[in-house]
Amino acid sequence: MALIGLGTPKPSAQAASDANGLIKDSSDQSFKVDVIDASMQTPVLVDFWAPWCGPCRTLTPILEKVVRAAKGKIRLVKINIDAHPAIAGQLRVQSIPAVFAFDKGRPVDGFMGAQPESQIKALVDRLVGSQPTGLDEHLAAAKESLDLGDLGGAAQSYAQAAALDPENPKALAGLARVYVLGGDLEKAKELLATVPTDKTKDSDVMSVQAQIDLMGEVATAGELAPLAAAVAQAPDDLNARFELAKAYIAAGAYADGVEQLLFIINRERDWQENAARMQLLKVFDAAGPLSDVTRNGRRRLSSILFS
């Protein structure tokens, strides 16, 4: 498809750009200069957006962050389709946000809808040819994807790390964690069983094992909605709160589960022979020592116990 500017190129009505010229607003008229011509030298991402589009307001700052991080290897052009609909029409944009990647004057990649930062970085990496190559890079990329809730991206990066070092405990534990979060505890157990014996004390391996054990314990937890309603009706019913905590944990909402357990401990420190406190410690083990859930929870627990 031949895409050309619709008239004499001129600056956009919203000629906003960053100091390095890596990010700018464009128009139908200046599209040829800003995108087609520019992409002959450097790949260009085109962000089609509109002021009324909520997901656009979420996506655009992520695009800008990733483009700036690439330090000149790629550019970003933003087009408001309300003011400039012609090019979007030529590209058959059906919904926004829509992002097209141009290289050597042609659209070569892209996506529609909001995407996590890890996926946008992967797109940029494909365009500029800077895919992670080392074990540490793959592990870092996997953790970032996991933190963003991108299980597919995390699984891919952990698998690439495992391909480089099949016995790496962090790669194997990471893949196992992805399976846990995806609800496949059996596959997670199989993966952890492949960790060499001398590496089973790795902190990530121990954390995932604790997570598997914990999820097994709360597998029979009740439904969240009725349990939450029961606690709302009887706030002092600590048995109901404990069941609600288990339901939150089963759903992966550790922070909410911790909140309920801390409430119980604050009301009755030794409740049910320290059942709430022991459950809380299992959550900390499963979340890992460096997680916000563990750090904040431990601080609040200490405040309750030593106040």
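Values in this text are rule-based calculations from the coordinates and carry no lab data. Just so it is clear, the structure is predicted and the values come from calculations on it, not from any experiment. When we count neighbours, we look across all protein chains shown, and the Cβ atoms used for this are built from the backbone with ideal geometry, even at glycine.
When Asp47, Asp103 are sorted by how many other C-beta atoms sit within 10 angstrom of their C-beta, beginning with the fewest, the order is Asp103, Asp47.
Listed by chain and number, the aspartates and glutamates whose C-alpha is less than 15 Å from the C-alpha of Lys78, apart from same-chain residues fewer than 8 away, are Asp18, Asp25, Asp28, Asp34, Asp47, Glu64. Annotation: amide H-H contacts under 5 Å for Val108 (H modelled 1.01 Å from N, sequence separation of 5 or more, or interchain): Ala101, Phe102, Asp103.
List the lysines whose Cα lies under 17 Å from the Cα of Lys71, skipping any in the same chain that are fewer than 8 positions away. Filter leaves Lys24, Lys121.
Magnitude of the charge dipole for the chain, about its Cα centre and with charges confined to Cβ atoms of Lys, Arg (+1) and Asp, Glu (-1), is about 900 debye. For the chain, the antiparallel share of DSSP beta bridges with both residues in that region comes to about 55%.
For the peptides 261-274, 223-236, 198-211, the ranking by mean Cβ contacts within 10 Å, running from highest to lowest, is 198-211, 261-274, 223-236.
Can you give the net charge of the other residues whose Cβ lies under 15 Å from the Cβ of Leu301, counting K and R as +1 and D and E as -1? Around Leu301, the charge tally is +3. Here Lys246 is the anchor, and the lysines within straight C-alpha reach of less than 25 Å, apart from those fewer than 8 places off in the same chain, are Lys187, Lys189, Lys282. Sequence-distant contacts, meaning Cα pairs under 8 Å at least 6 residues apart, place the relative contact order of segment 23-128 at 38 percent. Relative contact order for segment 135-216: 24 percent, from Cα pairs under 8 Å spaced at least 6 residues apart, divided by residue count. Between the entries (1) 36; (2) 10; (3) 41, the label attached to percent of Cα pairs over 38 Å apart calculated for this structure is (1). Of the residues Pro166, Ser207, Gly149, the one whose Cα sits farthest towards the positive end of the charge dipole of segment 135-216 is Ser207 (charges of +1 on Lys and Arg Cβ, -1 on Asp and Glu Cβ, taken about the Cα centre).
Rounded to 0.05, the FRET efficiency of the Val128 and Glu167 pair, given R0 = 30 Å and the Cβ-Cβ distance, is 0.40.
In whole Å, what is the distance between the alpha-carbon centres of segment 247-268 and segment 118-196? Here the two parts' Cα centres lie 29 Å apart.
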